[in-house]
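The values are calculated or read from the model by the stated rules, or taken from the named source; none is laboratory data. Not measured: the values here are computed from a predicted model. In this analysis, Cβ positions are derived from the backbone assuming ideal geometry, glycine residues included, and neighbour counts consider all displayed protein chains. Ligands, DNA and RNA are stripped out before the accessible areas are found, and what is left, the full protein with its side chains, is counted by its heavy atoms. Shrake-Rupley method; radii C 1.70, N 1.55, O 1.52, S 1.80 Å.
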Amino acid sequence: MPNFSELKLLLDKYFPDHFSMEQVGTLEKAFLGYLEWNQKINVISRKDIENLAIRHFLHSFAIAKVIDFLPDSKVLDAGTGGGFPGIPLAIIFPETEFHLVDSRSKKITVVQEIVQLCGLSNVHFKVQRIEQLKGQHDFVVSRAVTTLDKFVPWVIKRVHPRSKHSLDNGILYLKGGDVEAEILELKLRGVRWKNFPISNFFEEEFFTGKHIVHLAWTPQTSTFR
């Protein structure tokens, strides 16, 4: 059975002095909550639950290595599943507003329970298909819901055109595989992209070949070919 102490050691290693005692306590509640709820609803595969610290929490925190979300900014976690990367990011950025959506109601049931358990007032959640979403956000985050050529058309109108962060507003996508090939398949005019290898931040073997892909575009000029 995974132990929260593993995650605490990883935080001390990669985010020294970043988390307050209150945030560490909230993370422990979330960690233990996932262990309990995964016995009721299979949010994380039975085989993978042993890797909860590295493959789910630390993987989500990789986004915090490339951006500091500003207070009052809005982030959409599209296809959140059981709450990754949205819930870990909401804990590290308590003044940022996170909207978590997934089409599977049982996944959002777990999100709701973890949010209530942790008292996360900056997290909102909804059962909804990504392509039916409304509203605009500073960033859309996700963990490899599908290939980029399918995902980007679903969310391209959900990104606010005016940027206020160090990175331009857009998508932050956690994925593995051939990033450049997927970008070429995207066929979006005017897209700007940058690849951040997660192995640059974390030395665990799991992160070899894993990336954060940042996609941005100029709304007035970007069209699909």
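What the table shows:
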read-out: Of all residues making up the stretch 22-38, the number that are of a type in the set (A, V, I, L, M, F, W, C), farther than 13 Å from residue 110 by Cα and in contact (Cβ under 8 Å) with a residue 40 or more places away in the chain; value: 1
read-out: Residue 45 being hydroxyl-bearing (Ser, Thr, Tyr), within 23 Å of residue 198 (Cα to Cα), free of Cβ contacts under 8 Å to residues at least 60 places away in the same chain and open to solvent by less than 70 Å² (accessible area, probe 1.4 Å); value: yes
read-out: Which listed residue, of 61, 69, 57, is in a loop (DSSP other than H, G, I, E, B) and under 27 Å from residue 203 (Cβ atoms); value: 69
read-out: Close pairs from the stretch 186-202: first charged (D, E, K, R), partner loosely packed, with under 13 Cβ neighbours inside 10 Å, Cβ under 6 Å, at least 6 apart; value: 187/224; 187/225; 189/223
read-out: Which listed residue is in contact (Cβ under 8 Å) with a residue 12 or more places away in the chain and open to solvent by 50 Å² or more (accessible area, probe 1.4 Å), from 155, 145; value: 145
read-out: Hits in the stretch 184-225 - residues which are of a type in the set (Phe, Trp, Tyr), modelled with pLDDT of 95 or more and in contact with a helix residue (DSSP H, G or I) (Cβ under 7 Å, 6 or more places away or on another chain); value: 201, 202, 206, 207
read-out: Test: residue in the stretch 20-40 that is out of contact with any His (no Cβ under 7 Å at 6 or more places or on another chain), modelled with pLDDT of 95 or more, within 30 Å of residue 159 (Cα to Cα) and open to solvent by 10 Å² or more (accessible area, probe 1.4 Å); value: yes
read-out: Candidates 200, 169, filtered to the one that is crowded, with 19+ Cβ neighbours inside 10 Å, more than 14 Å from the chain's Cα centre (by Cα) and among the polar types (S, T, N, Q); value: 169
